[in-house]
1. Using a simple charge model, +1 on the beta-carbon of Lys and Arg, -1 on the beta-carbon of Asp and Glu, nothing else, what dipole does region 238-405 show about its Cα centre, in debye to the nearest 20?
2. Quick check: convex hull of the Cα atoms in region 60-140, volume per residue, rounded to a whole Å³?
3. Diagonalise the Cα gyration tensor of the chain and give the resulting equivalent ellipsoid semi-axes, square root of 5 times each eigenvalue, largest first, whole Å.
4. Check Thr294: other-chain or 5+ apart residues with amide H under 5 Å from its amide H, H built from backbone geometry?
5. Convert each backbone phi in region 201-216 into a coupling constant with the Karplus relation 6.51 cos²θ - 1.76 cosθ + 1.60 (shift: θ = phi - 60°), then list the ³J(HN,Hα) values in order as whole Hz, x for Gly and Pro.
6. Using unit Cβ charges (K, R positive; D, E negative) and no other charged atoms, how large, in debye to the nearest 20, is the dipole of region 116-201 about its Cα centre?
7. Residue-wise, which Karplus ³J(HN,Hα) couplings in Hz belong to region 113-124, taking 6.51 cos²θ - 1.76 cosθ + 1.60, θ = phi - 60°, and x for glycine or proline?
8. Step through the residues of region 357-362 one at a time and calculate ³J(HN,Hα) from phi using the Karplus curve (6.51 cos²θ - 1.76 cosθ + 1.60, θ = phi - 60°), rounding each to whole Hz and writing x for Gly and Pro.
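The numbers here are math on the coordinates, done by the rules we state, and not lab data. Source: prediction; values computed, not measured. When we count neighbours, we look across all protein chains shown, and the Cβ atoms used for this are built from the backbone with ideal geometry, even at glycine.
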Amino acid sequence: MADSYLPQDRLFLWWLGDATQPRPVGELGLAAGGRAVSLRYAPGWLRSGFALSEDLPLTGELFVPRDKDCAAGAVDDARPNRWGERVIRRFEPSPRLSILEFLLFAGDERYGALGVSLRADAYAPWRSGPMPALGSLLEMADVVRKVLANEAVPESQRRLVMPGASLGGARPKSLITMEGEPWLVKFSEGEEIDTPLVEHATMALACSCGVEAATTQALPVGSGHAVAVRRFDRADPARLHAVSAHVALRAAGEALGYPQLAQLLRRVAPADEIRSQQAQLFRRMVFNILIDNTDDHEKNHALLRQADGHYRLSPAFDVVPRAQGLGYQAMGVGDDATVSTLANALSQARQFGLKPQAAQAIVREVAMRMAGWKEAFTAQGVQARDIEVLAQYIDGDRLRRQREEFTPR
Ligand SMILES: Nc1ncnc2c1ncn2[C@@H]1O[C@H](COP(=O)(O)OP(=O)(O)OP(=O)(O)O)[C@@H](O)[C@H]1O
Ligand SMILES: [Mg+2]
């Protein structure tokens with residue numbers, strides 16, 4: 001563990017998927033004038049490892065990402081995004097903050113099963129303290145508030161927010177342990193509605209609509225809530241390799257769309273689960289359209305690697321109405337690009353392995369089950385005023401009419 005950091009131009013990537021022993025994967029280096037991070041596999045990994053993503057096949061070449069401001073292939077999922085970078089900027093004094101440093105400072109609790117080490121001969125992650133427990137939640141929320149307000153944070157409190165740099169995403173978050181299990185916890189940014197509680201209610205509603213969603217809990221914080229989401233990339237004591245749709249589709253040279261992801265599942269999912277996985281993805285897309293979750297971008301979908309090398313969809317996460325009524329999803333939906341309509345969703349049902357009738361049956365089921373969303377949100381404690389804000393969009397003409405078309409009267 002180092003106390004102060006001298007910028008390095010190379011770091012070492014480790015595999016932490018085998019709980020008994022970290023394994024060296026390769027060497028990370030600065031590329032593109034400091035704007036990107038490359039990977040070269042170590043000989044041992046070439047002999048008995050696996051390709052971390054399709055654009056990182058098991059060869060001895062130097063993989064340099066085509067785009068700037070990212071890391072090669074699946075390594076890109078191991079780095080923080082907006083919130084984590086902000087936390088790192090605040091609390092990790094470093095003469096340089098390239099993507100290599102962001103990768104290092106994300107620490108030992110990062111997403112998936114990759115680790116970043118200062119050393120080639122041992123897994124030596126950046127310092128990390130004990131995982132905060134649920135009892136620290138209110139103090140953690142207060143530190144998050146201070147970070148958002150650019151207020152001073154005493155040294156002793158930093159450990160409460162530093163774990164938030166381990167994961168991606170824009171919203172304020174950290175990590176906690178509850179009943180011995182790892183959860184991430186997401187906080188409000190001071191919006192007018194209680195977004196964390198709405199996220200919890202939406203995830204529960206998604207489950208009742210047949211979407212396999214991550215387990216969440218709403219945790220009271222002040223006059224609102226935080227939402228805790230159980231980590232799906234940990235299978236105590238093992239870690240699961242996770243690849244975002246962003247990385248997977250980019251690696252496959254595909255456009256960023258649901259139909260493309262469904263086709264990718266055809267190649268990577270276990271043979272006897274391809275159909276069910278594709279149908280599940282279709283169901284998620286339909287739910288996102290009807291609930292006005294237009295922030296369903298390609299980092300909000302992930303694939304988890306199984307022990308036999310196949311991949312399955314991770315549970316759904318970050319499913320929350322945007323309360324914006326944009327009318328466009330973040331990923332491609334069908335013939336009409338990203339337009340948020342059920343007709344567009346149905347237009348490429350065959351890419352999801354679905355015959356028209358089967359696809360319509362899924363749409364009908366989701367539409368029927370989510371017709372009672374207001375009651376479901378109320379039962380979760382969402383305030384009437386928040387429901388009214390959301391209803392402007394979810395029950396606005398555009399989405400309600402589409403829902404009603406599939407709901408028998
Ligand atoms: N339950 C989970 N288990 C493991 N990793 C998760 C889980 N939920 C989210 N993640 C990871 O953390 C990242 C950030 O989480 P999430 O998308 O919920 O946050 P966010 O800040 O709201 O994101 P956005 O920037 O899309 O608004 C995800 O992209 C994913 O990589
Ligand atoms: Mg997200």
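1. 400 debye
2. 132 Å³
3. Working: eigenvalues 249, 149, 59 Å².
Result for the chain: semi-axes of 35, 27, 17 Å.
4. Amide H neighbours of Thr294, under 5 Å, 5+ apart: Arg322.
5. The phi angles translate into 4, 5, 5, 5, 5, 4, 4, 6, 9, x, 7, 7, 10, 4, 6, 10 Hz.
6. 400 debye
7. Result, ordered by residue: 10, 8, x, 10, 10, 6, 10, 7, 9, 7, 7, 10 Hz.
8. Going residue by residue, I get 5, 5, 5, 5, 5, 5 Hz, with x marking Gly and Pro.
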